[in-house]
Amino acid sequence: MTHLKVAGFDIHTSYLDSAAQADLVAALRDVVRRAPFVTPVTPSGKPMSVQMTAAGAYGWITDRRGYRYATEQPRGMPWPPIPQQLLSMWEDLTGSERQPECCLINFYGEGARLGLHQDKDEACYDWPVMSVSLGDDGLFRMGGPARGGKTQSIWLQSGDVVVMGGAARLAYHGVDRIRFGSSTLLPKGGRINLTLRVVT
């Protein structure tokens with residue numbers, strides 16, 4: 001494992017070995033059985049290119065009513081619990097006194113991307129956001145607190161973990177593209193990104 005500091009983002013490369021990645025994917029399959037992926041739409045009605053679900057006390061959702069956290073899935077069921085592997089990683093890497101209340105699960109298929117954005121729907125920004133990459137490589141772009149500023153990019157590989165705290169907590173970030181088929185972790189290809197955060 002290597003620890004890099006890029007634009008204020010803490011990047012832990014190869015934090016999860018291949019066995020730990022496979023174990024985590026197995027746990028996520030159980031989550032997805034209980035909370036299936038959906039293709040979300042923005043408030044303007046535009047479908048996003050990623051598929052989403054969540055685990056924890058809250059899930060993050062978007063539809064014509066806006067961006068928000070919700071205690072129930074769109075189908076009315078509670079979200080499954082966050083897998084223990086992720087809670088242990090949070091404790092190891094963030095140093096946060098609070099436990100995460102939401103694990104947002106994004107699936108990137110071929111051609112999927114996520115534009116530059118800030119994580120600003122939480123009640124407080126004192127707590128970090130932890131991001132875990134599984135599957136195909138993703139080109140992660142990092143900016144500053146203002147839209148339109150200088151950005152830097154790095155390819156994240158399966159098993160890499162990024163912690164966004166301090167000055168990076170409200171920095172713009174996104175995924176420009178993935179290298180579809182670059183990993184064998186997911187049999188049909190694609191990238192899973194997990195982001196854990198404190199909501200309340």
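Quick note: the coordinates plus some simple rules give every number you see, no bench work behind them. Computed from a predicted model, the values in this text were never measured in an experiment. Please note: Cβ atoms are built from the backbone with ideal geometry, for glycine as well, and neighbour counts cover all protein chains shown.
Here the stretch 2-197 is treated as a Stokes sphere of Kirkwood radius computed over C-alpha pairs; at 4 °C and 1.567 mPa s its diffusion coefficient rounds to 77 µm²/s.
Counted by Cβ distance under 10 Å from Asp176, the other residues give a net charge of +3, where Lys and Arg count +1 and Asp and Glu count -1. Scattering from the stretch 1-93 was approximated by placing one identical point on each alpha carbon and applying the Debye formula without solvent; log10 I(q)/I(0) at 0.10, 0.13, 0.15, 0.24 1/Å stands at -0.36, -0.60, -0.76, -1.16. Extension gain, Thr200 to Ser44: 0.36 nm times the residue separation minus the Cα-Cα distance gives 53.5 nm. Site pair Phe37 and Leu87 shows an inter-label distance of 2.6 nm when each label is modelled 7 Å from Cα along Cα→Cβ. Computed from backbone phi, the HN-Hα couplings of the stretch 54-67 come to 7, 9, x, 5, 10, x, 9, 10, 9, 7, 5, 7, x, 8 Hz, rounded to whole numbers (Karplus: 6.51 cos²θ - 1.76 cosθ + 1.60, θ = phi - 60°; Gly and Pro given as x).
Label sites at Asp23 and Glu110, each approximated as a point 7 angstrom past Cα along Cα to Cβ, lie 3.3 nm apart.
What the phi angles of the stretch 184-193 give under the Karplus curve with 6.51, -1.76 and 1.60, with θ = phi - 60°, is a coupling list of 9, 4, 9, x, 9, x, x, 10, 10, 10 Hz, glycine and proline written as x. Couplings 3J(HN,Hα) of the stretch 33-47, computed from phi: 4, 8, 9, x, 4, 10, 9, x, 10, 6, x, 7, x, 7, x Hz, in residue order, whole Hz [Karplus 6.51 cos²θ - 1.76 cosθ + 1.60, θ = phi - 60°; x for Gly and Pro].
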